[in-house]
Amino acid sequence: MIASIVIFVLVYILLASEKVEKSVAAILGASAVIIGGLIDFESAMSAIDLNVIFLLVGMMTCVAILAETGFFEWVAISVAKAMKGRAAPILITLLLVTMVFSALLDNVTTIILLAPVTILITQLLELPTLPFLILEALASNIGGTATLIGDPPNIIIGSRAELTFNDFIVHLSPGVLVMGAVFIITAYFVMRKYLHVPDQVRTRVIEACPKLAIRDAKKMKRSLIVFGFIFIGFFTHHHLGVPPGVIALAGMGAMLLTCRTKSEKMLRHVEWDAILFFIGLFIIIGALEHNGVIDLLANGMLNLCGDNLLLTTMVVLWGSALLSAVLDNIPFVIVMMPLIQKMLVDTGVAPTGDNPLFWALALGACLGGNGTIIGASANVVVSKIGERNGYKITFMHFMKWGFPFMIQSVFLAMIYLWLRYFVLA
């Protein structure tokens, strides 16, 4: 247990220091826990969430094919033109769209789709790109909290507690709407000094013709048709019994076939360092789980509270948020769910959707991902997309933006849980 913690802390220090590439630090840490016998090879492999890996590879490839057609340039120019080159409405629109897409799809897919558009819009209007990208990642994690399919922890909670899609809408959406509105207002006030667009740039945008950005209209139509089927698959995957990652891979194959694109060429556009980072991190967190570290943390949180439901709810919320900022929230939620269910049985409380502990866990785990760059998959993906386009997001830079917004949203979640389940119930 101690050795697992030491390796995790050393990897975390390397990530925070930016002295070593994130993927290299994660792979070295993963190798250390396997070589050191802290987790056997089979358990290490099973700790890797292939659904996330398949989703990333599939969607990155599909987006690369679509990007070749000029689609993202067309969208970027069209949005900028529709807003008459005004930066504030563009920022608000991007954050709103990100939240809605993240609730309906998932936050990783949303970032893969919207980050290229955001980069192009900021370049077109001569706006600072890094804050836009970071705020978009934060918005995706907030929006993904609202539904069963928006974030992986919610899928796990829904499955283990037998909660429906409608349960998540009823219990989480009202709070997430408030958090999202406050987030957008705060983001606007924080960003307002950066939102000046020179008059000559606005004139150029207003006079632009978006259609001229399209390089291959036939290929674009084929790509968008395949994307349509992919999205239908994402919306219905829980009914089909097929993970989103498999749907993304199938969509990638269909798009490569219909667009007559060579896979070797397109696979070069996959952020392989992000893939390696996730694989390494999954194995390191798997070692922590294998050796009882996450179990110990979860039990410690619940033992603090005794049978006080309000205190337990708040400890689960804040504990999940803070731990999800530095750990992967998926194994943490997997460990927490049976502990919460056992505690409810011991205290004679029915483990139904009306119980605040499930929603405290969901809110804490999903919102806590905004705390650091490794707290959520969307954060890692946006940093890699930014880096590929010449915009490096460091660990500390992301934390400077993300951590205060995380505290803000979790504080609002605390008030929401208190009012909804202890005052107005």
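Here, each number is a calculation from the coordinates, and none is a lab measurement. What you see is a predicted model; the values in this text were computed from it and never measured. Counting neighbours? That spans all protein chains shown, and the Cβs are built from the backbone with ideal geometry, glycine included.
Details
- Along its first, second and third principal axes, ordered by size, the stretch 155-196 spans 49, 17, 10 Å in Cα coordinates.
- Placing unit charges on the Cβ atoms only, positive for Lys and Arg and negative for Asp and Glu, gives the chain a dipole magnitude near 1760 debye about its Cα centre.
- Among Ile230, Ile149, Ile134, the largest mean-square fluctuation in a Gaussian network model of the chain (Cα springs under 10 Å) belongs to Ile230.
- Counting only residues at least eight positions apart within a chain, or on another chain, the lysines with an alpha carbon under 25 Å from that of Lys211 are Lys81, Lys84, Lys219, Lys221.
- Leading residue at positive end of dipole, the chain (Cβ point charges), from Thr258, Pro198, Phe168: Pro198
- For the residues Ile27, Ile225, Ile279, a GNM of the chain with alpha-carbon springs under 10 Å puts the largest fluctuation on Ile225.
- Once you divide the Cα radius of gyration of the stretch 182-249 by 2.2 N^0.38 Å, the number left is 1.83.
- Only the Cβ atoms of Lys and Arg (+1) and of Asp and Glu (-1) were treated as charged; on that basis the dipole of the stretch 201-305 about its Cα centre amounts to roughly 1080 debye.
- Here is how the number arises for the chain: DSSP H runs of 4 or more residues each give -39500 (n - 2.57), the sum is divided by the residue count, and the result at 222 nm is -25000 deg cm²/dmol.
- A Cα-only calculation for the chain places Rg and Dmax at 21.5, 68 Å.
- Cα-based helix-to-principal-axis angle, 217-240 vs the chain, degrees rounded to 10: 20 degrees
- With Cα atoms, 0 to 90° folded angle of helix 22-35 axis to the chain main axis: 40 degrees
- The ranking of Leu177, Leu327 from fewest to most other beta carbons within 10 Å of each one's beta carbon is Leu177, Leu327.
- The stretch 116-192 - Rg (one decimal) and Dmax (whole number), Cα, Å: 15.6, 49
- With a cut-off of 15 Å between beta carbons, the residues surrounding Lys218 carry a summed charge of +4, where Lys and Arg count +1 and Asp and Glu -1.
- Candidates Ala378, Ala161, Ala25: whichever shows maximal mean-square fluctuation once the chain is modelled as a Gaussian network with Cα springs under 10 Å: Ala161
- 0 to 90° range, to nearest 10: angle between helix 2-17 axis and the chain longest Cα axis: 30 degrees
- Rounded to the nearest angstrom and listed largest first, the equivalent-ellipsoid semi-axes of the stretch 71-204 from its Cα gyration tensor are 31, 15, 11.
- Reciprocal of mean inverse Cα separation for the stretch 272-425 (Kirkwood radius, Å): 16.4 Å
- Of the trypsin sites (Lys or Arg not before Pro) in the stretch 73-118, the ones in a loop by DSSP (not H, G, I, E or B) with at most 16 other beta carbons within 10 Å are Lys84, Arg86.
- Kirkwood Rh and Cα Rg combined as Rg/Rh, the stretch 178-337: 1.10
- Applying 1/(1 + (r/R0)^6) with R0 = 22 Å to the Cβ-Cβ distance of Leu304 and Ala3 gives a FRET efficiency near 0.25.
- Straight-distance candidates among the lysines for linking to Lys392, with alpha-carbon spacing under 24 Å and chain neighbours fewer than 8 residues away dropped: Lys19, Lys22, Lys193, Lys384, Lys400.
- Integer Hz, Karplus 6.51/-1.76/1.60 couplings in order for the stretch 395-407, x for Gly and Pro: 4, 6, 5, 5, 5, 4, 8, x, 5, x, 5, 5, 4
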